[in-house]
Amino acid sequence: MTLLLFLAQTIRIAVPYLFAAAGGALAERAGIVSLSLEGFMLGGAFGAVIGAHYTDSAWIGVVSGVVAGLGLAGMHAVCTLRFKADQIVTGVAINLFAVGITRFLLQLAFDSSSNSPRVAGFGGENVGGALALASNPLVWLGVAVMPVLAFVVYRTTFGLRVRAVGEHPAAAASLGVPVNRVRYAAVLGSGALAALGGTYLALDQHQFTDSMTAGRGFIALAAVIFGRWDPMRAGVACLLFAAAETLQIRLQATQIIPSQFVAMIPYVLTIVAVAGVVGRSRSPAALGRTTE
């Protein structure tokens with residue numbers, strides 16, 4: 001029973017990582033640095049709460065969360081592809097903008113600087129444990145997102161074009177592939193997927209709290225790097241990081257180890273994992289280059 005509870009909690013924690021890492025893998029395979037995942041997630045979380053609050057529908061919340069993510073992704077795509085802005089700088093700017101705009105709108109919509117009122121979610125507020133996971137469609141979608149993305153990237157024409165523009169955009173353009181159009185689609189897809197991660201967080205907690213993503217977008221990006229830009233490997237990395245976070249929560253409850261050291265476990269594991277991979281893995285050749 002303890003093992004089942006551990007696995008259930010790991011999956012629950014992994015779902016936002018899986019969505020965000022899927023978005024990061026898609027954009028980075030197309031050559032666009034995905035430092036903006038944190039902002040996409042936060043925008044998606046706030047959009048979901050706004051939609052669910054005013055309609056009392058979790059499904060409308062999902063739609064509005066995705067729309068918010070698409071809006072931020074559109075800003076990122078225009079800045080990096082239309083105006084050739086530095087992708088890392090733009091990603092940081094999107095993250096800071098998302099923190100500021102959600103805080104401002106939180107105060108404007110709910111007259112609070114910290115959290116929103118309770119909103120509708122999936123499965124009901126009094127449902128917990130494995131039943132809550134099974135009754136939440138976003139959990140099933142999160143579990144399936146990496147296999148589906150792997151199929152899209154490796155088995156479809158669109159996926160072939162994404163890989164081509166991420167490796168050799170000039171060669172792809174010479175064959176008639178619309179490089180910028182493919183990259184726009186990849187960035188927008190990245191925003192929608194990462195926003196679903198934020199949407200899941202907000203609807204699972206039944207409210208939005210200021211900066212509630214708490215660095216999950218950066219851990220998802222680390223999972224993409226750790227997975228060597230392969231969707232399935234990145235998914236395994238997400239599960240590994242989620243298991244470390246679950247272990248942290250369990251150890252904090254026992255109070256055997258000082259809480260400050262226990263809280264470091266997921267982040268130390270992330271640093272060690274990425275440090276062990278960077279230098280031995282190869283990123284897409286055109287990652288960060290939009291001048292072709």
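Observations
- Of everything in the range 94-127 that is small (Gly, Ala, Ser) and under 17 Å from Ala58 (Cβ atoms), the residue that is modelled with the highest pLDDT is Ser116.
- Filter pass, Val49 being free of Cβ contacts under 8 Å to residues at least 24 places away in the same chain and either closer than 28 Å to Val153 by Cα or part of a helix (DSSP H, G or I) (or both): no
- Annotation note: Cβ proximity below 6 Å between a residue of the range 110-121 that is hydrophobic (A, V, I, L, M, F, W, C) and a residue that is surrounded by 13 or more Cβ atoms within 10 Å (Cβ to Cβ) and at pLDDT 90 or above (sequence gap 6+ or interchain) occurs for Phe110/Ser116; Val119/Val49; Val119/Ala52; Val119/His53; Val119/His206; Ala120/Ala52; Ala120/Ala58.
- Filtering the range 52-82 to residues that are assigned to a helix (DSSP H, G or I) and of a type outside the set (A, V, I, L, M, F, W, C) leaves His53, Tyr54, Thr55, Gly61, Ser64, Gly65, Gly69, Gly71, Gly74, His76, Thr80, Arg82.
- Of all residues in the range 36-84, those satisfying the criterion of being under 19 Å from the mean Cα position of the chain (by Cα), surrounded by fewer than 20 Cβ atoms within 10 Å (Cβ to Cβ) and not hydrophobic (A, V, I, L, M, F, W, C) are Gly71, Gly74.
So that you can scan it fast, the table gives a plain yes or no per residue for (1) under 21 Å from Arg216 (Cα atoms); (2) among the aliphatic types (A, V, I, L, M); (3) in contact with a Phe, Trp or Tyr (Cβ under 7 Å, 6 or more places away or on another chain):
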{"position": "His53", "(1), (2), (3)": "no, no, no"}
{"position": "Ala68", "(1), (2), (3)": "yes, yes, yes"}
{"position": "Leu81", "(1), (2), (3)": "no, yes, yes"}
{"position": "Ile88", "(1), (2), (3)": "yes, yes, no"}
{"position": "Ile94", "(1), (2), (3)": "yes, yes, no"}
{"position": "Ala98", "(1), (2), (3)": "yes, yes, no"}
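- Condition check for Val33: in contact with a Ser or Thr (Cβ under 9 Å, 6 or more places away or on another chain) and at negative phi: yes
- Any hit, the range 177-198, residues being charged (D, E, K, R) and closer than 22 Å to Leu81 by Cα: yes
- The set of residues in the range 96-109 that are without any contact (Cβ under 8 Å) to a residue 60 or more places away in the chain, of a type in the set (Gly, Ala, Ser) and out of contact with any Ser or Thr (no Cβ under 8 Å at 6 or more places or on another chain) contains only Gly100.
- Pairs meeting the criteria (first residue in the range 225-244 and under 11 Å from Tyr17 (Cα atoms), second residue charged (D, E, K, R), beta carbons under 9 Å, at least 6 apart or on different chains) are Ala234/Arg228; Ala242/Arg12.
- Filter result for Glu28 (at pLDDT 95 or above, over 30 Å from Ala173 (Cβ atoms) and of a type in the set (Asp, Glu)): no
- Hits in the range 205-245 - residues which are surrounded by fewer than 24 Cβ atoms within 10 Å (Cβ to Cβ), under 25 Å from Ala150 (Cβ atoms) and not hydrophobic (A, V, I, L, M, F, W, C): Arg228, Asp230, Arg233, Glu245
- Given (1) of a type in the set (A, V, I, L, M, F, W, C); (2) farther than 20 Å from Ala25 by Cα; (3) more than 15 Å from the chain's Cα centre (by Cα), index of the condition Met212 fails: (3)
For (1) within 18 Å of Leu42 (Cβ to Cβ); (2) in contact with a Phe, Trp or Tyr (Cβ under 6 Å, 6 or more places away or on another chain); (3) part of a loop (DSSP other than H, G, I, E, B), each residue gets a yes or a no:
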position: Ala173; (1), (2), (3): no, no, no
position: Ala186; (1), (2), (3): no, no, no
position: Leu193; (1), (2), (3): yes, yes, no
position: Gly198; (1), (2), (3): yes, no, no
position: Gln207; (1), (2), (3): yes, no, yes
position: Ala220; (1), (2), (3): yes, yes, no
position: Met232; (1), (2), (3): no, no, no
position: Leu247; (1), (2), (3): no, no, no
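The values are calculated or read from the model by the stated rules, or taken from the named source; none is laboratory data. What you see is a predicted model; the values in this text were computed from it and never measured. For neighbour counting, all protein chains shown are included, and Cβ atoms are generated from backbone atoms with ideal geometry for every residue, glycine included.
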